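Presented below is the structure to which this report refers.
The values are calculated or read from the model by the stated rules, or taken from the named source; none is laboratory data. For clarity, every value in this text was computed on a predicted model and none was experimentally measured. Cβ placement follows ideal geometry from the backbone for every residue including glycine, while neighbour counts extend to all protein chains displayed.
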Amino acid sequence: MDLTELTAVEIAAKVAGGQAGAVEVVKAHLARVKTLEPKIKAFVTVLEDSALRAAQAVDSKRARKEKLGRLAGVPIALKDNILLEGVETTCSSKILKGYRAAYDATVVERLKREDAVFIGKTNLDEFAMGSSTENSAFFKTANPWDTNCVPGGSSGGSAAAVAARMAALAFGSDTGGSIRQPASFCGVVGLKPTYGLVSRYGLIAFASSLDQIGPFARTTADAALALSVVGGHDPRDTTSSQKSPDEALEGLEGQIKGLRIGLPKEYFIPGMDAEVEASVRAAVDELKKLGAVVKDVSLPHSSYAVGTYYIVAPSEASSNLARFDGIRYGLSAPEARSLEEVYEATRGAGFGPEVKRRIMLGTYALSSGYYDAYYGKAQRVRTLIARDFDEAFKAVDVLATPTSPTAAFRFGAKTSDPLAMYLSDVFTIPSNLAGNASMSLPCGLTKRGLPIGLQLIGPAFSEGLLLRAAGALEKAKPFPILNAGCS
């Protein structure tokens with residue numbers, strides 16, 4: 001039995017039942033990391049020693065006949081912008097070189113409480129700013145389905161780790177599609193929870209009103225389990241919802257007969273890859289065969305979403321990243337002779353080109369004389385986008401769209417054109433602006449053998465409904481597991 005082919009639900013059950021040891025499970029995944037990591041480069045840090053100690057603690061706990069947590073022995077990868085106490089956390093940026101987290105993020109605390117095992121920190125676009133993981137200051141992560149292609153971004157390392165079965169679960173952050181788009185490119189399930197359902201405490205902020213932590217998994221059942229563990233109110237996060245994960249996951253079980261699925265006309269646009277559209281429409285047809293009712297709907301302000309996002313997100317980033325100044329931690333410029341020189345030299349050397357670009361965009365949008373014309377107006381358009389969703393959900397229960405206009409593209413294909421790169425997230429950004437629930441699940445392969453993602457979008461706290469619909473499709477059209485070799 002190849003333990004890396006087991007789902008997180010299966011691993012936890014076998015460890016709890018004594019059919020497999022946590023150490024045995026973790027060793028199997030670490031062996032796969034050693035084999036595939038030279039090709040994939042999903043991890044910034046591999047935590048072999050601490051993972052084996054944690055796994056041994058789980059086995060000892062079982063030997064003492066103590067009750068095990070819901071994720072006992074499950075190997076988990078963590079995007080390197082989520083704090084794990086005592087472990088270097090870099091955001092894949094030179095400016096945080098040497099910074100070790102002083103405390104655990106809330107999601108980490110909750111995962112530890114359920115006996116999960118952390119096997120590594122994953123690569124990302126620097127400070128989560130990108131759609132291909134090519135903006136990492138360290139190295140590029142490859143797509144396990146085709147190592148000449150990107151895994152998506154910004155959570156590309158987490159998506160690749162799950163796709164390549166180097167981790168049973170992984171966590172990332174989604175500010176404009178950074179969970180769903182790489183999930184689509186890598187052929188895994190990626191869930192962006194409703195804003196506020198999962199605590200952001202211990203997540204290094206990019207854009208605070210948009211960021212949300214969520215899971216990557218190979219199955220909808222694993223994604224549901226992961227969300228049930230990490231979701232729920234946290235008094236340390238002032239934007240945290242009072243809703244429990246059980247409330248959000250209500251409706252997870254059952255049939256989808258009578259479920260009303262909306263197809264927004266603005267998400268099926270000229271220029272979208274024909275294979276992507278065909279695969280998404282085929283998946284919707286399959287849901288229709290299972291009893292769903294399909295309707296055409298409109299989200300008229302969606303065309304303004306990318307422009308709105310690239311004012312709101314950089315504005316918040318310019319404020320959040322001001323804390324990285326070379327004074328207390330991370331990279332510093334010892335040769336500087338004044339405070340101003342420290343700032344200039346540290347940030348000049350520490351931040352990469354894309355981060356600098358977004359800081360400058362945000363600083364300009366927030367500057368005196370331009371605030372109302374840019375940031376203020378963008379927030380008003382954001383309200384209109386959210387209202388479009390509210391109106392659509394009066395007529396339907398769930399929206400179905402492509403996750404991305406294309407499948408994974410080759411390295412370098414879009415790095416010279418920032419706008420082309422930004423448009424990779426044209427279908428995912430609106431959900432972040434509205435704060436609702438959304439997810440991506442694999443629904444087919446291109447002729448070149450690259451995964452295609454279907455995005456499901458629901459009202460706030462409708463994760464159970466989305467996962468039920470996704471689970472029905474998953475059961476009707478099982479997605480192939482990635483071969484061991486990684487082409």
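Give me a count of the residues in region 1-51 that are under 22 Å from the mean Cα position of the chain (by Cα) and without any contact (Cβ under 8 Å) to a residue 60 or more places away in the chain.
0
If you check residue 261 against the conditions, is it of a type in the set (Val, Ile, Thr), modelled with pLDDT of 95 or more, touching a Phe, Trp or Tyr at 6+ places or on another chain (Cβ under 9 Å) and surrounded by 16 or more Cβ atoms within 10 Å (Cβ to Cβ)? Working first, answer last.
Working: of a type in the set (Val, Ile, Thr): yes; modelled with pLDDT of 95 or more: yes; touching a Phe, Trp or Tyr at 6+ places or on another chain (Cβ under 9 Å): no; surrounded by 16 or more Cβ atoms within 10 Å (Cβ to Cβ): yes.
Against the criterion (of a type in the set (Val, Ile, Thr), modelled with pLDDT of 95 or more, touching a Phe, Trp or Tyr at 6+ places or on another chain (Cβ under 9 Å) and surrounded by 16 or more Cβ atoms within 10 Å (Cβ to Cβ)), residue 261 does not qualify.
So in region 423-432, with the set limited to residues that are β-branched (Val, Ile, Thr) and part of a loop (DSSP other than H, G, I, E, B), which one is surrounded by the most Cβ atoms within 10 Å (Cβ to Cβ)? Let's see the steps before the verdict.
Going residue by residue through region 423-432, those that are β-branched (Val, Ile, Thr) are 426, 428-429.
Checking which are part of a loop (DSSP other than H, G, I, E, B) leaves us with 426, 428.
Values: 426: 23, 428: 31.
Checking each candidate, the answer is 428.
For residue 369, work out the one condition from (1) on the phi > 0 side of the Ramachandran plot; (2) in contact (Cβ under 8 Å) with a residue 60 or more places away in the chain it doesn't fulfil.
Exception for residue 369: condition (2).
May I ask you to list the residues in region 33-46 that are crowded, with 21+ Cβ neighbours inside 10 Å and out of contact with any Lys or Arg (no Cβ under 6 Å at 6 or more places or on another chain)? Lay out the reasoning, then the answer.
First, pick out the residues of region 33-46 that are crowded, with 21+ Cβ neighbours inside 10 Å: 33, 36, 40-44.
Passing the criteria: 33, 36, 40, 41, 42, 43.
Go through (1) exposed (fewer than 14 other Cβ atoms within 10 Å of the Cβ); (2) more than 21 Å from residue 126 (Cα to Cα) and name the single condition residue 349 misses.
Single failed check for residue 349: (2).
Yes or no, residue by residue, for (1) touching a Pro at 6+ places or on another chain (Cβ under 7 Å); (2) closer than 22 Å to residue 424 by Cα; (3) of a type outside the set (D, E, K, R):
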residue	(1), (2), (3)
56	no, no, yes
65	no, no, no
85	no, no, no
97	no, no, no
116	no, no, yes
130	no, yes, yes
136	no, yes, yes
139	no, yes, yes
142	yes, yes, yes
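Filter region 305-321 down to residues that are surrounded by fewer than 24 Cβ atoms within 10 Å (Cβ to Cβ), small (Gly, Ala, Ser) and within 21 Å of the chain's Cα centre (by Cα), then give me how many there are.
The qualifying residues number 0.
Taking into account only those residues within region 111-136 that are over 14 Å from the mean Cα position of the chain (by Cα) and part of a loop (DSSP other than H, G, I, E, B), which is surrounded by the fewest Cβ atoms within 10 Å (Cβ to Cβ)?
Here the residue is 114.
Give, as residue ranges, the helices (runs of 4 or more DSSP H) completely inside region 335-422 that count at least 2 residues that are over 25 Å from residue 179 (Cβ atoms).
On the way: elements: 339-350, 353-366, 377-395, 418-422.
Hits in region 335-422: 339-350, 353-366, 377-395.
Just to check your reading of the model, which residue among 161, 170 is crowded, with 24+ Cβ neighbours inside 10 Å, assigned to a helix (DSSP H, G or I) and in contact with a strand residue (DSSP E or B) (Cβ under 7 Å, 6 or more places away or on another chain)?
Residue meeting the stated conditions: 161.
Out of all the residues in region 187-199, which are farther than 17 Å from residue 230 by Cα and either over 12 Å from the mean Cα position of the chain (by Cα) or part of a strand (DSSP E or B) (or both)?
187
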